[in-house]
Structures are given as structure tokens and as C-alpha cells.
Amino acid sequence: MDDAPVVELIDVSKVYQMKAGDVYALNHVNFSVRRGEFVAIMGPSGSGKSTLMNMIGCLDVPTSGTIKINGVSTTDMTDDELTEHRLNTIGFIFQKFNLISLLTAYENVEYPLILKYGQRDHSERVKKLLRMVGFTEDRMQHTPYELSGGQQQRVSIARALANDPTFLLCDEPTGNLDSKMSTQIMEILSDLHKQGRTLVMVTHNPETAEYADRVIIIRDGEIVGEE
Amino acid sequence: MIVSLALRNLKLNKFRTILSMIGIVIGVFAICAMGMVSAGFTDEMDNMITDTADTLTLSPLGEKVVGGHTAVGFSEKDVRNIESATKSVTKEYELVPYYNTYKPVTVGKDLLTASVYGLDSNDMSGLVTLVSGTWPKGGTNVIVGEQFAEDNELRLGSRISFLGVSGQEITCRVVGIMENTGLLTFGIATDSSILGTTEWYSSVVGNNYGLYDKIIIKAYDPEDLALIDEAVDKKMNGKEDKDSDNTVSILNSYELMDIFDEIMNMSSIFTTVISGISLLVAAVAITNVMLMSVKERTREVGILRSIGTYRSQILQMFLYEAGLIGLIGSVFGVALSLIVSPVFMMIMGLEFTAMFSVSVLSYIPLGIVVGLVVCLASGLYPAWKAANLNPVEAMSTD
């Protein structure tokens with residue numbers, strides 16, 4: 001099982017039925033991500049990147065084909081099983097950070113830990129994770145509205161790492177940041193990769209994609225190249 | 001954390017939360033206050049009439065000519081006929097004919113009007129209870145009601161006077177104080193009454209040409225009471241289709257109690273419907289508020305779902321919110337009813353202690369449970385809707 005790819009897509013298609021006819025958001029896509037790899041999925045707007053990300057992230061299911069996470073097919077999983085995968089196996093990092101506005105930075109990182117392990121003292125791990133992504137301790141009790149974009153993304157990365165997921169799934173992680181902050185965030189992600197983490201990153205930015213080991217090019221729902 | 005999120009959202013939208021709570025406060029208050037007042041009133045009425053609820057009260061109908069005079073009342077022959085009808089049903093009964101009217105009485109310097117009763121000394125103990133003193137004997141001793149004594153500062157040995165039938169002043173001594181029966185009683189209402197022997201009554205009021213004003217029949221089995229009612233009616237009132245020949249009007253305490261219970265049940269249904277409508281309005285308002293909350297927090301729900309929150313937990317989060325609104329609103333509604341209900345009860349002439357009966361206090365848990373259930377039921381659809389949002393679509397909402 002250890003040799004199995006972390007993520008494997010076998011002939012995956014996603015079809016939306018429209019009045020004008022079927023639209024293939026993904027058309028017979030095949031690829032895999034091995035443990036420890038940093039893979040970027042690149043493509044222009046409307047190419048099917050987000051659909052692909054949602055499939056890998058167990059947020060959506062394909063119309064046909066098989067997606068395997070850690071060698072286990074997610075195709076016939078129930079909603080609760082998919083949710084369990086999202087909680088335990090995948091660490092999400094979003095373009096818009098997607099922190100919970102009612103919670104502080106500390107609580108945002110603590111939240112997945114409570115979901116997985118229940119209400120107990122998680123302070124040591126939360127603080128360790130926030131320090132690891134360069135988040136200063138004096139801002140831990142601040143809500144997302146009181147943080148800059150860069151700070152929010154650091155919290156988002158710490159949250160994604162909270163439950164020690166099998167891989168990190170990053171959706172345009174620097175899309176809402178300036179170039180300086182983008183570099184800092186990409187450095188953090190690059191460090192995580194160097195520590196052995198598996199990363200799958202969706203981006204349209206070639207500079208960001210440069211941090212990846214492998215770049216998969218997608219266009220009109222099909223993989224058209226790999227660099 | 002789920003509870004904490006629910007609490008924080010309620011705090012974040014304080015004004016909206018308070019508005020939806022007000023609906024529940026009003027609904028629960030309406031249920032509790034109306035229920036408490038109604039239960040208190042029913043309890044009090046039951047207490048007041050239960051002691052005398054084994055009674056048939058007979059009043060005469062139609063005039064009689066006695067010695068050339070016209071009068072209304074029961075003759076000795078009527079009494080014998082009624083007694084024989086009663087005996088045909090049971091041997092265990094008490095039959096007491098008595099005189100009764102309103103009569104001016106002088107207490108100290110005050111001239112008052114009191115309800116005066118005259119009956120055989122041997123019958124008194126069956127109808128009234130003495131709290132102090134002795135039973136009256138002869139033509140100048142009387143007993144008075146506790147309330148009457150208190151209102152007029154009368155004690156044992158005090159004197160009151162009447163203008164007798166022949167115009168002379170008759171001074172009487174209070175030899176006993178009767179226990180209050182309350183005004184709602186089927187026997188003799190003692191509270192503001194003066195009671196003496198038939199001899200005393202004849203000298204003070206006259207003897208109504210030998211005709212009694214009322215007859216009380218007591219039987220200890222409700223079934224006997226109904227049968228006596230039937231037997232007396234048959235003997236004294238003749239055929240059913242000739243009401244004009246009736247000589248007796250019969251007041252059956254059990255029948256009246258049934259009617260009273262029926263009225264109270266109707267009143268209870270009415271108040272429940274009114275309260276139900278206000279709760280329904282509150283429920284609609286809460287559903288609306290919760291739906292708005294779901295709409296506003298669609299993106300947040302999407303994020304929570306994407307990072308591993310189960311559908312059931314999203315459902316719980318919204319139900320906690322509805323439950324908290326319900327619980328806090330219900331507690332305030334019950335508290336408000338506990339303040340207002342005693343005031344209403346006292347306005348209706350009930351004692352403050354009427355609040356402390358089990359049937360009144362049972363509205364406290366009932367109000368809280370009803371408020372909570374209504375809120376949870378109102379929050380169920382919005383919570384279900386939130387739990388079933390598609391995470392991808394929800395996250396893309398701004």
C-alpha cells in the first residue's frame with residue numbers, strides 16, 4: 001500500500017448536462033501523484049483546474065472513472081466517508097484563505113483537531129503549527145478580519161497541517177497576495193515539500209508552478225502536457 | 001466548538017436574535033400566564049365547592065295561598081313529600097329545610113344588611129362548622145360568619161340588634177363564629193351571614209306563613225344524589241312536558257360541577273388556541289430568521305464542510321442556535337408569566353398562595369418544553385437545508 005500513489009486518477013470525466021448539450025469539464029483525465037511529490041496543475045481559466053481540484057479534494061465526484069486516494073477508490077464513498085477523508089487525509093489551502101470568520105486564528109487551527117480528536121488541550125500543537133508557518137504569537141487571538149492576506153494564508157496553511165494530512169491540496173495559494181507575500185507563502189510550501197510533504201497545487205501562475213517537481217498542463221478538460 | 005460557533009453567531013447578530021426571542025417570549029408567556037391563571041382559578045373554584053359538592057339545593061316555585069295570604073315556600077307537606085322521595089332512594093341522607101332572607105342589622109352604630117338564616121338547632125352542625133363558641137339556642141343567640149365577624153369586629157359575646165316583626169328592637173348575642181365557606185358554595189354561604197334558630201328567625205323576620213325558603217339535601221354518594229334529584233323531580237314536578245306545574249327547582253351540585261368543568265375546559269382550549277397562534281407566529285419568525293442565517297452563512301458552511309465537518313454537525317450547529325433561542329426565550333417567557341400571573345389572579349379575587357399549586361407550577365416546565373420544541377421544530381428545515389448544501393457551491397457564494 002505504501003508504494004501506491006497518494007492520488008491516482010483513472011480515466012476521470014466530469015460532464016455537466018446543459019441545454020446546449022453535454023459539457024466535458026474533465027475529459028478522460030489520467031495522472032497520479034506519488035508520495036513526497038510536489039505537483040502543480042496549470043491551465044488557463046476555464047480549463048477544468050478547479051473541477052479537478054474538487055475531485056481530488058473529495059468535494060465532488062466524477063461522472064465516470066475512478067479516483068483513488070492512498071490506493072482507495074473514493075467513487076462509491078458516502079458523504080460521511082468523503083468528509084472523513086477531507087478531515088484526515090487532505091489539507092486544504094484556498095486562494096481566498098477560507099478561514100472561519102467567527103473564530104480566532106488560534107481557533108481556526110484548533111478546529112480540525114477538535115473535529116478529529118474532540119475537545120481537549122491542543123494548544124501545544126496549534127502554537128507549534130502557527131510558529132512553523134511564521135505566524136506571530138501575539139496575533140493568535142485575532143479574528144481573520146484583523147489579519148493581512150499573508151497572515152491569513154499562514155493560518156490557513158497551519159490549519160491544513162493540523163491533522164497531519166497525507167497531502168496538501170492548494171488552490172491558487174498566492175492568488176490573493178502581492179508578489180512579496182506570494183514568495184513568502186511559496187517558500188513555506190516549498191519547505192513543507194522538502195520536509196517530505198506531498199503537495200498538489202492548482203495554479204495559473206508559471207512563477208508559482210516553478211516551485212513544483214512536476215507541472216501538469218490542462219486545457220479544455222484534458223491533460224495536454226507535462227513538464 | 002460547534003456549540004461555540006452557534007453561540008458566537010447568535011452574539012454576532014444580537015438584534016436579530018433578540019427579535020426572534022421576543023416572539024418566543026410572548027408565545028410562552030401567553031401559554032404560561034393564561035394557563036396559570038386558568039389553573040389557579042379552577043383549583044380555587046374546586047376547593048371552594050368541593051366541601052359542599054354533595055348537595056341538592058331545592059328552591060320553591062309558584063305561589064301558595066296560606067290563610068288568605070300569598071307566599072312562596074315549602075310547606076310541611078312539601079317537606080314530607082320531598083323526604084319520602086329521598087327515602088325511596090337512600091336511607092343515608094340529611095334533609096334540612098331552612099328560612100333565609102336579607103335583613104338590616106345594627107352592629108354598634110352601623111346599620112348593615114346581612115343574609116340571615118333560620119333553621120332547626122339539630123340541623124346546624126350538618127351544614128356549617130363552628131370555629132369558636134357554641135351553637136345558638138332560643139330566641140336571642142346567633143352565630144356569625146368569620147368574615148362578617150372580622151369585618152365588623154365582632155367577638156363571642158358581642159351584641160347586634162334587629163328590628164323585630166312587631167317593630168321592637170331585638171338585641172342578640174353572638175355565641176359562635178362559623179368557618180368561612182366562600183361565596184361559591186352549594187349550601188349556606190357563611191362568610192357574611194348570621195344564623196339562628198327558627199324561633200329566633202320567626203321573631204326577627206317572621207316565619208313566612210310557615211313556609212320554608214329552601215331545602216338542602218345531602219347525600220354522600222354522587223349516584224344517590226342524581227337518583228334523589230330524579231325522584232324529587234318526579235314526585236314534585238309531575239310530568240316533564242308540563243313545566244308550569246313545577247313546584248321545585250333543583251340545583252344539583254355535581255351537575256353544576258360538571259358544567260363548571262366543561263366551561264373551564266372550553267376556556268382552557270380557547271386559551272391554548274390563542275397561545276398556540278402566538279407560538280405559531282413565533283415559529284414562522286424563527287424559521288425565517290434561521291433561513292436568513294443559513295443564507296448569510298452559506299460560504300461559512302461550505303468552508304466547514306470542506307475541512308471535514310460532517311453534515312450532522314452542521315445540522316447540530318443550526319439546531320443549537322434554534323434551541324438556544326428557544327431556551328432563553330422560554331425562560332424569559334416563564335419568568336414574565338410568574339410575575340404577571342399572580343397579579344391577574346389577585347385581580348380575580350384569588351389568594352397569592354393559589355400560585356403554588358402543582359397544576360399552576362406545572363406550567364413552568366411545560367412552557368419551557370413547549371418553547372424549546374417549537375424553536376427546534378422551526379429550526380429543523382433551515383438546519384437540514386444548511387447541512388445539505390453542496391460544499392463547492394456554498395464556498396463559491398460571496
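Within segment B:146-160, does at least one residue satisfy the condition of being touching a helix residue (DSSP H, G or I) at 6+ places or on another chain (Cβ under 6 Å) and touching a residue at least 24 places away in the same chain (Cβ under 8 Å)?
no
Residues checked against (1) closer than 21 Å to B:Gly308 by Cβ; (2) away from chain B (no Cβ under 14 Å); (3) more than 19 Å from the chain's Cα centre (by Cα):
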residue	(1), (2), (3)
A:Val29	no, yes, no
A:Val33	yes, yes, no
A:Gly36	no, yes, no
A:Pro44	no, yes, no
A:Ile56	yes, no, no
A:Ser64	no, yes, yes
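When A:Gly36 is evaluated against the numbered criteria (1) exposed (fewer than 12 other Cβ atoms within 10 Å of the Cβ); (2) at positive phi, which criterion, by number, is the only one it fails?
Failed condition: (1).
So which residues in segment A:89-120 are within 7 Å of another protein chain (Cβ to nearest Cβ) and part of a helix (DSSP H, G or I), if there are any at all?
A:Tyr111, A:Pro112, A:Ile114, A:Leu115
Considering (1) touching a residue at least 40 places away in the same chain (Cβ under 8 Å); (2) outside any loop (DSSP other than H, G, I, E, B), say which one A:Gln17 fails and leave the rest.
Status for A:Gln17: all satisfied but (1).
Residues checked against (1) part of a strand (DSSP E or B); (2) at pLDDT 90 or above; (3) more than 13 Å from B:Thr197 (Cα to Cα); (4) not aliphatic (A, V, I, L, M):
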position	(1), (2), (3), (4)
B:Asp123	no, no, no, yes
B:Pro136	no, yes, no, yes
B:Ala149	no, yes, yes, no
B:Leu154	no, yes, yes, no
B:Gly157	no, yes, yes, yes
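Would it be correct to say that B:Leu366 is modelled with pLDDT of 90 or more and more than 30 Å from A:Gly57 (Cβ to Cβ)?
yes
Could you run through segment A:13-33 and say how many residues are in contact with a Phe, Trp or Tyr (Cβ under 9 Å, 6 or more places away or on another chain) and surrounded by 15 or more Cβ atoms within 10 Å (Cβ to Cβ)?
6
Could you pull out the residue among B:Leu256, B:Leu319, B:Leu279 that is surrounded by fewer than 19 Cβ atoms within 10 Å (Cβ to Cβ) and in contact (Cβ under 8 Å) with a residue 40 or more places away in the chain?
Going through B:Leu256, B:Leu319, B:Leu279 in turn, just one is surrounded by fewer than 19 Cβ atoms within 10 Å (Cβ to Cβ) and in contact (Cβ under 8 Å) with a residue 40 or more places away in the chain: B:Leu256.
Search segment A:76-88 for residues being exposed (fewer than 15 other Cβ atoms within 10 Å of the Cβ) and assigned to a loop (DSSP other than H, G, I, E, B), and hand back the single one that is nearest to the other protein chains (Cβ to nearest Cβ).
A:Thr78
Tell me the residue from B:Gly302, B:Gly326 that is farther than 30 Å from A:Ala160 by Cα and in the same structural domain as B:Thr17 (by TED's automatic domain parsing), please.
From the options B:Gly302, B:Gly326, the qualifying one is B:Gly326.
Considering only segment B:338-357, state which residues are more than 15 Å from B:Val28 (Cβ to Cβ) and part of a helix (DSSP H, G or I).
B:Pro342, B:Val343, B:Phe344, B:Met345, B:Met346, B:Ile347, B:Phe352, B:Thr353, B:Ala354, B:Met355, B:Phe356
For B:Tyr209, work out the one condition from (1) touching a His at 6+ places or on another chain (Cβ under 6 Å); (2) at pLDDT 85 or above; (3) not charged (D, E, K, R) it doesn't fulfil.
In the conditions (1) touching a His at 6+ places or on another chain (Cβ under 6 Å); (2) at pLDDT 85 or above; (3) not charged (D, E, K, R), B:Tyr209 misses (2) alone.
Could you identify the single residue in B:Phe186, B:Phe260 that is part of a loop (DSSP other than H, G, I, E, B), modelled with pLDDT under 80 and in contact with a helix residue (DSSP H, G or I) (Cβ under 9 Å, 6 or more places away or on another chain)?
Criteria check complete, one pass: B:Phe186.
If only one of B:Ser267, B:Ser253, B:Ser202 is assigned by TED's automatic domain parsing to the domain that holds B:Gly68 and among the polar types (S, T, N, Q), which one is it?
B:Ser202
Scan segment A:131-148 for residues that are surrounded by 15 or more Cβ atoms within 10 Å (Cβ to Cβ) and in a helix (DSSP H, G or I) and jot them down.
Those that are surrounded by 15 or more Cβ atoms within 10 Å (Cβ to Cβ) and in a helix (DSSP H, G or I): A:Met132, A:Arg139, A:Pro144.
Pick from segment A:132-149 the residues that are hydrophobic (A, V, I, L, M, F, W, C) and touching a residue at least 40 places away in the same chain (Cβ under 8 Å): which of them is farthest from A:Ile100 (Cα to Cα)?
This residue is A:Val133.
Considering every residue within segment B:358-371, establish whether at least one is over 22 Å from B:Ala6 (Cα atoms), more than 14 Å from chain A (Cβ to nearest Cβ) and not in a helix (DSSP H, G or I).
Yes, segment B:358-371 contains at least one residue that is over 22 Å from B:Ala6 (Cα atoms), more than 14 Å from chain A (Cβ to nearest Cβ) and not in a helix (DSSP H, G or I).
Considering each of B:Asp110, B:Asp54 in turn, give the residue that is surrounded by 14 or more Cβ atoms within 10 Å (Cβ to Cβ) and not β-branched (Val, Ile, Thr).
B:Asp54
Among the strands (runs of 3 or more DSSP E) contained in segment B:1-105, which hold 2 or more residues that are of a type in the set (Ser, Thr, Tyr), over 30 Å from B:Leu291 (Cβ atoms) and at pLDDT 80 or above?
Those strands (runs of 3 or more DSSP E) span B:55-60.
Quickly run through segment B:145-159 and pick out the residues that are hydrophobic (A, V, I, L, M, F, W, C) and farther than 15 Å from B:Tyr117 by Cα.
Those that are hydrophobic (A, V, I, L, M, F, W, C) and farther than 15 Å from B:Tyr117 by Cα: B:Ala149, B:Leu154, B:Leu156.
Before we move on, is B:Ala386 aliphatic (A, V, I, L, M), crowded, with 21+ Cβ neighbours inside 10 Å and in the same structural domain as B:Ala6 (by TED's automatic domain parsing)?
yes
If the Cβ limit is 6 Å and pairs must be 6+ apart or interchain, which residue in segment B:387-398 that is closer than 15 Å to B:Leu315 by Cβ and modelled with pLDDT of 90 or more pairs with which residue that is buried (at least 17 other Cβ atoms within 10 Å of the Cβ) and among the hydrophobic types (A, V, I, L, M, F, W, C)?
Cβ pairs passing all conditions: B:Ala387/B:Ile314; B:Ala387/B:Leu315; B:Leu389/B:Val301; B:Pro391/A:Leu59; B:Ala394/B:Val301.
Is it the case that B:Ser115 is hydroxyl-bearing (Ser, Thr, Tyr), crowded, with 16+ Cβ neighbours inside 10 Å and either not assigned by TED's automatic domain parsing to the domain that holds B:Ile170 or not in a loop (DSSP other than H, G, I, E, B) (or both)?
Yes: the conditions hold for B:Ser115.
Could you tell me which residue of segment A:165-192 is nearest to the other protein chains (Cβ to nearest Cβ), considering only residues that are in a loop (DSSP other than H, G, I, E, B) and under 13 Å from the mean Cα position of the chain (by Cα)?
Among residues in segment A:165-192 that are in a loop (DSSP other than H, G, I, E, B) and under 13 Å from the mean Cα position of the chain (by Cα), the one nearest to the other protein chains (Cβ to nearest Cβ) is A:Pro165.
Specify which of the listed residues (B:Val284, B:Val289, B:Val294) is surrounded by fewer than 16 Cβ atoms within 10 Å (Cβ to Cβ) and either away from every other protein chain (no Cβ under 13 Å) or assigned to a helix (DSSP H, G or I) (or both).
B:Val284
The values are calculated or read from the model by the stated rules, or taken from the named source; none is laboratory data. Note that the coordinates shown come from a computational prediction; the quantities given were computed from them, not determined experimentally. Heads up, the Cβs are rebuilt from the backbone with ideal geometry, glycines too, and the neighbour counts pull from every protein chain shown.
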